[in-house]
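So the structure is just underneath, and the comments pick up after that.
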Amino acid sequence: MAGFRFPSSGLRALRPEAFGVDPSGERMARIRRSPHFRDGVFQNPGGVARTRPSGSMLEFAKVFFDKDTRPRRAPKGTVPVHPTTYADLAKPPLGGLRVTWMGHSSVLAEIDGHRVLFDPVWGRRCSPFPFAGPKRLHPVPLPLAALGPVDVVVISHDHYDHLDLPTIKALAGTDTLFAVPLGVGAHLEHWGVSADRLRELDWHETTKVGGLTLTASPARHFCGRGLRNTQHTLWASWVVASDEHRIYHSGDTGYFEGFKDIGAEHGPFDATMIQVGAYSDFWPDIHMTPDEGVRAHVDLQGGDPAAGVMLPIHWGTFNLATHPWAEPGEWMMRATHKAGVTMAAPRCGEPFEPATVPPVTPWWREVAEAPAEGWPAWPPVASGPDGTAVASESDGTAVPSEPGGTAVAPGPDATAVVQGSPDVADVG
């Protein structure tokens, strides 16, 4: 498939619009000049990363289609969503910084009078097709138009669960700017975003938007849409800084030592948004487990687990891996507690201020089937030798959930398409 070419203009006309376009012209020339582009592709920090399921495809298929475990990958009931309104978001944050998780990796960050929207996905499916592919497991918390004005939209990479055609086309009709990794601008221009509204960056490059400085920083992942993966668009994590606050969005990434370098150069951070879902032993190099996510957060904070707040992202909205639906939240809750890291655990659409983050409440338990032994006590109540409470030692690997009518994508990039649950999103 990697060498496939559309043989005629007639077949090219059948290419779905959501595939986007490959970079060309001066954009491609700039890509070739990048120090991170070698041998015709962008390179990952830390060496080659496996971007497809490792081991036997038969082994992967047995796990993916296992009739006993597959139903656990969806909630058994209606996922609670906070009823956010425009009026809620119109009130300025008391401390100057407010964060609202909109589901999956979509986050609205309000930082000292500026509004930044990361990886907005309001579409019903993360797929190039409206009729097939992973569907949302919960509604969006509010219509896209109800967000109000956004100063800059930040895109981490061009996979369907991070770069969504219907959402981008809706935002193209506004005057917002777009900050994207090198090469990704080709898709956006193809979908109607004018070139003068694009800020297209290589790793370690920065751009100014009002009083904010945005920096594209390294990540360990990959790219690609359509029927072939040319590796001609970059993937990135992002640092956004004002004079008063600093935040970090990981995009999709495996764990690598570069988190320490990002933290040393740009941290510490008031809040980090860290990918901790869709992990698998089949692709360990390109997505992080909750334990790895905690490690990344601490690295970004210069080794201080008490610094800043960590928001887990990239979970709960789409089924893109074989782990149980609620496992990332449950595992992360215990991992952060054990490490002494402050975790934010809002319901989708629930704004919070990192300076006053509320205690963790495991809301996901409301709609996930409890393990056979029951949920461990929260907050932990086990006693240590001196009689003080200590964290549970559970490793967070057995958090089942029951069927929700949803099938999942067999891979970490949401490019394979299978049917899912009923449509629930609203882009308007």
Exercise for the section: Using only the Cα atoms of the range 202-344, each taken as one equal point scatterer with no solvent, compute I(q) by the Debye sum, divide by I(0), and report log10 of the ratio at q = 0.10, 0.21 Å⁻¹. Expected result: -0.33, -1.31
Exercise for the section: For residue 195 paired with residue 261, estimate the spin-label separation in nm (one decimal), with each label point 7 Å from Cα along the Cα-to-Cβ line. Expected result: 3.1 nm
Exercise for the section: List, in order, the whole-Hz ³J(HN,Hα) value for each residue of the range 106-112 obtained from phi through the Karplus relation with A = 6.51, B = -1.76, C = 1.60 and θ = phi - 60°; use x for Gly and Pro. Expected result: 7, 9, 9, 10, 9, 10, 6
Exercise for the section: Highest first, please rank the peptides 304-312, 143-151, 367-375, 290-298 by the mean number of other Cβ atoms sitting within 10 Å of their residues. Expected result: 290-298, 304-312, 143-151, 367-375
Fill in the blank from the handout: Mean accessible area per residue over the range 215-261 (1.4 angstrom probe, all protein chains present, square angstrom) is 26 Å²
Practice task
Sort the following peptides by mean Cβ neighbour count (other Cβ atoms within 10 Å, averaged over residues), highest first: 86-94, 318-326.
Solution key: 318-326, 86-94
Handout entry: the range 230-260 and the range 59-99: distance between their alpha carbon centers, rounded to Å
Key = 22 Å
Practice task
Grab the beta carbon distance between residue 370 and residue 281, set R0 = 30 Å, and tell me the FRET efficiency rounded to 0.05.
Solution key: 0.75
Handout entry: Under the Debye formula (equal points on every Cα, no solvent term), log10 I(q)/I(0) of the range 104-244 at q = 0.18 Å⁻¹
Key = -1.06
Handout entry: Accessible surface ranking that places the most exposed of 114, 190, 159 first, with a 1.4 angstrom probe
Key = 190, 114, 159
Fill in the blank from the handout: Excluding residues fewer than 8 positions from residue 76 in its own chain, the lysines with Cα under 30 Å of it are 62, 67, 135, 338
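The values are calculated or read from the model by the stated rules, or taken from the named source; none is laboratory data. In this text the structure is predicted, and so the values were computed from the model without any measurement. Neighbour counts run over all protein chains shown; Cβ positions are idealised from the backbone, glycine included. Just so you know, the surface numbers come from the protein's heavy atoms only, side chains and all, with ligands and any DNA or RNA stripped out. Shrake-Rupley method; radii C 1.70, N 1.55, O 1.52, S 1.80 Å.
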